[in-house]
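Beneath this line is the structure, given in structure tokens, with notes to follow.
Please treat every number below as a calculation from the coordinates, not as lab data. Just so it is clear, the structure is predicted and the values come from calculations on it, not from any experiment. Neighbour counts run over all protein chains shown; Cβ positions are idealised from the backbone, glycine included.
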Amino acid sequence: MFPDRPPSRSETDEEPTAPALELYVRSLSADTVHGPRESVLERLSRLEREGVVAEYTVHVWGRRVSPETAARTEAGRFLLDRIERFRDRSRRNATSTRSFFEPHEVTSSITGESYTAVTVPSLALAEFRDGALRRVTPSADGGTVRTVEDHLDAIEAAGATDRAGTAVPVPTPPFGPEASPETGGFDR
């Protein structure tokens, strides 16, 4: 499913470590469309309780990140660092986050001034194992879009074990152009 999936327990002598996850959302406000976000938050909480996930954190990043403005604050520098790590991970693994994390020019409808900004997805999920970034969604591999829900499906399946203690094969959920904000995908 994911080309950079960590080896299963049967492929290594080491005990697999549960991932630490970072969820990025545009807002925690109740007046926003929150169905997918609420579903993901509930699922993360359950996966943490079950030990499938070591921990998770939630970060609010708004609709856009202006590198010039963000660089002036600690929180902004954290987001810029993460976005750069997401891009770097994508380049190294032949997946694309280009449409999700690339800077572009934005013109203010009020002042008419232009500035560079990164329009970020409504939901994004970063997976870390032993401190290393392993996977980021949403992402694309050719025509295949991988959503936050797809990512959680893979983590949950990889965390499942049969009675003998061996990893259960990770099923491949449906992917493709049907990914949307309603399915935890992306929107602009």
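Some notes on this structure:
- Interchain or long-range residues, amide H under 5 Å from Leu123's placed H: Asp187
- Distant-in-sequence amide H partners of Ser139 (H built 1.01 Å from N, under 5 Å): Arg146
- Computed over neighbours whose Cβ is under 15 Å from that of Glu113, the net charge equals -1, Lys and Arg +1, Asp and Glu -1.
- HN-Hα J in Hz across segment 71-81 - Karplus 6.51, -1.76, 1.60, θ = phi - 60°, x for Gly and Pro: 5, 7, 10, 4, 4, x, 5, 4, 5, 4, 4
- J(HN,Hα) series, segment 139-154, from Karplus relation 6.51 cos²θ - 1.76 cosθ + 1.60, nearest Hz, glycine and proline x: 8, 9, 10, x, x, 9, 9, 10, 9, 4, 5, 4, 4, 5, 4, 5
- Contact order normalised by residue count of segment 35-156, Cα under 8 Å, 6+ apart, percent: 22 percent
- ³J(HN,Hα), Karplus 6.51/-1.76/1.60, whole Hz, each residue of segment 100-108, x for Gly, Pro: 9, 9, 8, x, 8, 7, 10, 10, 5
- About its Cα centre, segment 53-146 has a charge dipole of approximately 280 debye under the convention of +1 per Lys or Arg Cβ and -1 per Asp or Glu Cβ, with nothing else charged.
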